[in-house]
Amino acid sequence: MKKWFLAFVSTLTIVCASLAPTGAFAATSKSTQAVSTQSVVVTPTEQNIVANAQSYIGKVRYHFGTRNLQKLILDCSSFTQLVFKNNGIDIPWGSRAQAKSGTLVKSKSDLRVGDLVMFSIGTPGKIQHVGIYIGNGLFINNQPGVGVNIKSLTSGYFNNRFIMGRHLV
């Protein structure tokens with residue numbers, strides 16, 4: 001039991017350190033972050049997008065088709081729209097409309113921190129959900145019953161539901 005707990009704490013520490021918007025990651029104007037077997041430069045804008053998105057964890061309630069900014073009751077696309085607007089980037093409302101913004105990213109391995117990620121959650125191949133890639137195979141999104149949270153892009157529910165990414169920064 002003790003070994004399992006220590007392994008869990010070590011893994012949690014590594015994940016939290018990789019997501020933290022403070023410290024060495026945010027202290028430099030450009031950082032290098034390992035993604036799969038490649039390294040990418042994370043710009044200050046991309047760092048700010050992730051930090052801003054994370055600041056809404058526990059503060060936003062999900063409701064389909066809603067974008068009530070005063071009460072922070074948002075759907076998935078109004079959440080991403082808000083985060084990007086806070087960073088000076090205007091995108092439309094609606095996951096399918098957002099799927100036409102920026103530059104297409106076909107493969108998970110080509111995603112950059114701050115990219116939109118689109119998913120099919122009902123009809124296969126049809127974009128019905130959107131989130132923001134935060135690096136290390138993780139993304140942040142707003143979901144029913146959960147609100148803003150971080151999920152894996154490479155395992156679990158969303159692994160086989162990824163359709164595309166969109167590079168906006």
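The values are calculated or read from the model by the stated rules, or taken from the named source; none is laboratory data. Note that this is a predicted model, so its numbers are computed, not measured. All Cβ positions, glycine included, derive from the backbone under ideal geometry; neighbour counts span all protein chains shown. Only protein heavy atoms, including side chains, enter the accessible area calculation; ligands, DNA and RNA are left aside. Shrake-Rupley method; radii C 1.70, N 1.55, O 1.52, S 1.80 Å.
For (1) surrounded by 17 or more Cβ atoms within 10 Å (Cβ to Cβ); (2) modelled with pLDDT of 95 or more, each residue gets a yes or a no:
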residue	(1), (2)
THR32	no, no
LEU74	yes, yes
LEU82	yes, yes
ILE89	no, yes
SER109	no, yes
VAL113	yes, yes
VAL117	yes, yes
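What are the residues in region 128-138 that are more than 16 Å from VAL60 (Cα to Cα), free of Cβ contacts under 8 Å to residues at least 60 places away in the same chain and surrounded by 20 or more Cβ atoms within 10 Å (Cβ to Cβ), if any?
HIS129, TYR133
What's the total number of residues in region 40-63 that are among the small types (Gly, Ala, Ser) and crowded, with 18+ Cβ neighbours inside 10 Å?
Residues in region 40-63 being among the small types (Gly, Ala, Ser) and crowded, with 18+ Cβ neighbours inside 10 Å: 2 in total.
Can you run down the residue pairs with Cβ atoms below 7 Å, 6 or more apart or on separate chains, where the first is in region 53-74 and on the phi > 0 side of the Ramachandran plot and touching a residue at least 12 places away in the same chain (Cβ under 8 Å) and the partner is surrounded by 14 or more Cβ atoms within 10 Å (Cβ to Cβ) and not in a strand (DSSP E or B)?
LEU72/VAL60
Tell me which residues, restricted to region 146-163, are loosely packed, with under 13 Cβ neighbours inside 10 Å and on the phi > 0 side of the Ramachandran plot.
GLY156 - this is the single residue of region 146-163 that is loosely packed, with under 13 Cβ neighbours inside 10 Å and on the phi > 0 side of the Ramachandran plot.
Counting only residues that are β-branched (Val, Ile, Thr) and within 13 Å of the chain's Cα centre (by Cα), how many does region 123-153 have?
Residues that pass the stated criteria total 6.
THR66 - would you say it is within 24 Å of THR43 (Cα to Cα) and open to solvent by 10 Å² or more (accessible area, probe 1.4 Å)?
Spelling it out, it is not the case that THR66 is within 24 Å of THR43 (Cα to Cα) and open to solvent by 10 Å² or more (accessible area, probe 1.4 Å).
Go through (1) open to solvent by 20 Å² or more (accessible area, probe 1.4 Å); (2) in contact (Cβ under 8 Å) with a residue 12 or more places away in the chain; (3) more than 23 Å from THR43 (Cβ to Cβ) and name the single condition SER78 misses.
Failed condition: (1).
Just one of (1) over 17 Å from GLU46 (Cα atoms); (2) out of contact with any helix residue (DSSP H, G or I) (no Cβ under 9 Å at 6 or more places or on another chain) trips up ILE127, so point out which.
Unmet for ILE127, out of (1) over 17 Å from GLU46 (Cα atoms); (2) out of contact with any helix residue (DSSP H, G or I) (no Cβ under 9 Å at 6 or more places or on another chain): (2).
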